[in-house]
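Below: the structure, in structure tokens.
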């Protein structure tokens, strides 16, 4: 099966695999490093003393697209009809954060209650 594969191709697959793994793990590594930097500076580990955390549903915007996570699956004709005019997609207020886009930091609110 692999008798015609060259050393350059094997190296290319190896480098591609490493790049894919680095891309997938980058957000977790960034979160770990920023959390350790915040604790070193004496700041809150979750919010960095902003006292607010962005909503995970709407990413801090307060709005979500009507139709849920699968609203990108639309027929091609609908896309062509809305190309020259306004889009038919509506944005509705996020129900998780009540359209505010953020929550109070739970770590900071523990400190203020004590």
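Computed values, structure above
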item	result
Residue 31 modelled with pLDDT of 90 or more and either more than 25 Å from the chain's Cα centre (by Cα) or not assigned by TED's automatic domain parsing to the domain that holds residue 110 (or both)	no
Checking residue 27 against (1) under 25 Å from residue 105 (Cα atoms); (2) surrounded by 10 or more Cβ atoms within 10 Å (Cβ to Cβ), the condition it does not meet	(2)
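The values are calculated or read from the model by the stated rules, or taken from the named source; none is laboratory data. Quick caveat: nothing in here was measured; it's all calculated off a predicted structure. In this analysis, Cβ positions are derived from the backbone assuming ideal geometry, glycine residues included, and neighbour counts consider all displayed protein chains.
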